[in-house]
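Have a look at the structure below before the remarks.
Readers should treat all values here as calculations from the given coordinates under stated rules, not as data from a laboratory. Predicted, not measured: the structure shown is a model, and the values here were computed from it. Please note: Cβ atoms are built from the backbone with ideal geometry, for glycine as well, and neighbour counts cover all protein chains shown.
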Amino acid sequence: MLKIFASLHLFFALCLALGSVFIYQTIFNAGPPVYGSPWFAALGALLAANVAACAGRRLRTASASFLFIHAGIVLVILGAFASRALRFEAELPLRTGTESDRVYSGNAVYQLPFSVKLVDFRLEYYGEPSGKLTIRDEAGGTDFPVKEGTELKLPAKGAEIKVLRLARDFGLTGKNEVADKSPYWHNPAAQVEITTGKKKEKLWLFANFPGMHREGLPFHISYGLENADIKNFTSAVLVRPSGGAAFSAEISVNKPLRTGGYTLYQSSYDPAEAGYSLLTVARDRGLWAVYAGFAALLTGLFLWLKR
Amino acid sequence: MAETINFFINAAFALALASLAASAAAYLLKRKAPQKAVPFLLAACWLALSAGLGLLWAKLGRPPLSNQYESLLTMLWFLFPLSAYFYRKFPVPEALWPAAFASPVIFGVAGLLDRTARPLMPALRSNWLILHVLSAMAAYAAFALAAVAAAAALAKKRAPEDEELLLRLAKTGFALLTLGIVTGAVWANTAWGAWWSWDPKETWSLLTWLAYAAALHLRKKGWRGNKFAALLVVCFALVLFTYFGVNFLLSGMHSYG
């Protein structure tokens, strides 16, 4: 039995089968991914058995590098199975000022052994974004950097444009007055006054909706932002463990928070709602096996190269 | 500064072309004199490229690793030290001229790519970026050298003079690719809480890894000489698809570079 599983021919067949599956999945498959199917899991299990049997057969004679590499591969595959079986992942949506210990995974709701309050959510830009108006005609487009009060004269078009007001996150108050909904550039807009001949027209141009309010204009005009790249986004939270002392923490991309056996990751935010933050809560009990496998594999490869 | 960066990178390109010309002259004229210039031309090329990349790093305020143009220059940067290392171990022209052939081609491809440097998106702002991309690019450089040396052996229709060189290059690339995949997995777990997501780039990297693992095992089963050389060329086609094809044809988490 060990001889069959330890066959190199089996290894080549598995490589061919897995390679074909990967090509099919990434290029041709439009349906559900194959990675969750039982037969794909069987291929993975067979590969682990094959590699383990190869290492087992040569246990007494093989070099340390051979054993480390093969043990590492087996550990990573077994860890992947353990991850799949034991992994917990759910979403924790929070609004500024709200606190929750409920997380959601599909239709299921789970309770965490701690609650999380979103104290503040911050977006950080690489620099202060700047606005620009683009006037476009058959010859192409011309950009004009603009601030509040900027006046543009376009003699070729017989028009003058005055920038009356700029909004970062355009919104309307209950009294129908324009006000920024947040300090972030989620819905940038410019109010302009366009004079053509004796006709004056005031209108709002929206960076996110370039087609709006364009009807009837003698030329194409749009508003946009430059240097609006987001550097980071961070949730400042207050974590209250059940029966423990509360503590403050910050969670941002690449800086998760580990607490109570769970890890909280900064997943996303909602440009339409500045105080909303989406955290992912995960606990992976198979991860240690995967990482042990990685360590063994890299150790083995290092020894292998030194030979 | 942009002009100085372009000057050094163009100078490196010119020196790479000169090393190709010297290698071609040595081969066609069957003279040793031009071949003697190749290591010096490649070293000068590497120094010019290092200066260009160093200045680009200073200009961007971050390592130049975040789009395909920058990563391709980084891959080129690894080509020369790898070539020099193996030339010391195997002092034959066949150990040097893969770099002389591959470098102008890669410079040419890099010249076709968009050079626009954009700020790093939040997920890329991590020290793992450096380790992950450097190991992947070093692996691709080793695989490129192995593929060119293998293709040359196949073109000459005789077994590679020094098959040990092909094997050592493939082994080095395989170990570095493993490091690249592992660091990518650890980084993904830090950023998203999932060490493997079956993203197309991940999947094709694993496919490439399996292909090289199979090639190295097939060699043990007796696939030596031209058979092993042909395997290395086929495997490198997978590397090219993983590096370029996935970015241009398939969408995923690696769409930026």
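Which of the trypsin sites (Lys or Arg not before Pro) found in the range A:152-243 are in a DSSP loop and have at most 12 neighbouring Cβ atoms, other than their own, within 10 Å?
Working: sites: A:LYS153, A:LYS157, A:LYS162, A:ARG165, A:ARG168, A:LYS175, A:LYS181, A:LYS198, A:LYS199, A:LYS200, A:LYS202, A:ARG214, A:LYS231; in loops: A:ARG168, A:LYS175, A:LYS181, A:LYS198, A:ARG214.
Sparse-neighbourhood loop trypsin sites (Lys or Arg not before Pro): A:LYS175, A:LYS198.
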Q: Apply the Kirkwood formula to chain A: the hydrodynamic radius equals the inverse of the mean of 1/r over all pairs of different alpha-carbon atoms; give it in Å with one decimal.
A: 25.0
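Summing Lys, Arg as +1 and Asp, Glu as -1, what charge do residues with Cβ under 12 Å from the Cβ of A:SER7 carry, A:SER7 excluded?
Numbers: positive: A:LYS3, A:ARG57, B:LYS221; negative: none.
Neighbour charge sum, excluding A:SER7 itself: +3.
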**Q.** For the range A:258-263, Karplus couplings with θ = phi - 60° (6.51, -1.76, 1.60), whole Hz, Gly/Pro x
**A.** 9, 7, x, x, 10, 10
Q.
Residue by residue through A:5-14, how many Cβ atoms from other chains fall within 10 Å of the Cβ on average?
A. 2
Q: Please determine, in degrees from 0 to 90 and to the nearest 10, the orientation of helix A:64-86 with respect to the longest principal axis defined by the Cα atoms of chain A, where the helix direction is its Cα long axis.
A: 60
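Work out which helices of chain B, taken as complete DSSP H runs, extend at least 27 Å along their axis over the Cα atoms and score a mean Kyte-Doolittle of 0.5 or more, then list them. Working shown, then result.
Values: long enough: B:2-29 (40 Å, 1.50); B:33-60 (41 Å, 1.24); B:68-89 (31 Å, 0.32); B:93-112 (30 Å, 1.22); B:128-155 (40 Å, 1.99); B:163-192 (43 Å, 0.89); B:200-220 (30 Å, 0.01).
Those that pass (Cα extent of 27 Å or more, hydropathy at least 0.5) are B:2-29, B:33-60, B:93-112, B:128-155, B:163-192.
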Q: Amide H neighbours of A:PHE114 under 5 Å, at least 5 residues apart or on other chains, H built in the peptide plane: list them.
A: A:SER242
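Net charge within 13 Å of A:GLU226 by Cβ-Cβ distance, Lys/Arg positive one each and Asp/Glu negative one each, not counting A:GLU226 itself?
Details: positive: A:LYS132, A:LYS147, B:ARG118; negative: A:GLU128, A:ASP143, A:ASP229.
Taking every Cβ under 13 Å from that of A:GLU226, the sum is 0.
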Q: Treating the angle as unsigned and between 0 and 90°, give the value, to the nearest 10°, between the Cα long axis of helix A:8-23 and the longest Cα principal axis of chain A.
A: 20
**Q.** Percent of Cα-Cα distances greater than 29 Å, calculated over chain B
**A.** 31
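How about the range B:200-249: which trypsin sites (Lys or Arg not before Pro) there lie in a loop by DSSP and see at most 16 other Cβ atoms within 10 Å? Display every interim value, and only then the final one.
On the way: sites: B:LYS201, B:ARG219, B:LYS220, B:LYS221, B:ARG224, B:LYS227; in loops: B:LYS221, B:ARG224.
Here the sparse-neighbourhood loop sites are B:LYS221, B:ARG224.
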Q. What average number of partner chain Cβ atoms lie no more than 10 Å from the Cβ of the residues making up B:122-129?
A. 4
**Q.** Pairwise label distance in nanometres, A:ALA156 with A:LYS200, each label 7 Å out on the Cα-Cβ vector
**A.** 2.7
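Taking K and R as +1 and D and E as -1, what net charge do the other residues with C-beta under 11 Å from the C-beta of A:ASP284 add up to? Walk me through the numbers before you get to the answer.
On the way: positive: A:ARG84, A:ARG87, A:ARG283, A:ARG285; negative: A:GLU89.
Net local charge, A:ASP284 excluded: +3.
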Q.
Exceeding 29 Å between C-alpha atoms, which entries from my cross-link table qualify? They are B:LYS32/B:LYS220; A:LYS147/A:LYS175; A:LYS162/A:LYS231; A:LYS181/A:LYS202; A:LYS202/A:LYS231.
A. B:LYS32/B:LYS220; A:LYS162/A:LYS231; A:LYS202/A:LYS231
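Based solely on its DSSP helices, what 222 nm [θ] is calculated for chain B when runs of n ≥ 4 H residues each add -39,500 (n - 2.57) and the sum is averaged over all residues, nearest 500 deg cm²/dmol?
-26500 deg cm²/dmol
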Q: Let me have the relative contact order for the range A:129-226, percent, based on Cα pairs under 8 Å that are six or more residues apart.
A: 28
Q | Spin-label model distance (nm) - A:THR96 vs B:LEU28, 7 Å beyond Cα toward Cβ | A | 7.0
Q.
Debye calculation, C-alpha points only, no solvent: report log10 I(q)/I(0) for the protein assembly as shown at q = 0.07, 0.12, 0.13 Å⁻¹, in the same order as the q values.
A. -0.56, -1.23, -1.32
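Shielding by partners for B:163-173, please: the mean number of other protein chain Cβ atoms within 10 Å of each residue's Cβ.
Average neighbour count from other chains, rounded to a whole number: 1.
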Q: Compute log10 of I(q)/I(0) for the range B:20-103 with the Debye formula, placing one identical point scatterer on every Cα and leaving out solvent, at q = 0.10, 0.22, 0.23 Å⁻¹, to two decimals.
A: -0.29, -0.98, -1.03
Q: Mind pulling the angle between the C-alpha long axis of helix A:38-57 and the longest principal axis of chain A? Nearest 10 degrees, somewhere in 0 to 90.
A: 40
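Give the peptides B:177-183, B:60-66 in descending order of average Cβ contacts within 10 Å, highest first. Write down the numbers at each step before the final one.
Working: B:177-183: 23.1, B:60-66: 17.9.
Output ranking for B:177-183, B:60-66: B:177-183, B:60-66.
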Q.
List the GluC sites (Glu not before Pro) within the range A:153-259 that DSSP assigns to loop and that have no more than 10 neighbouring Cβ atoms inside 10 Å.
A. A:GLU177, A:GLU215
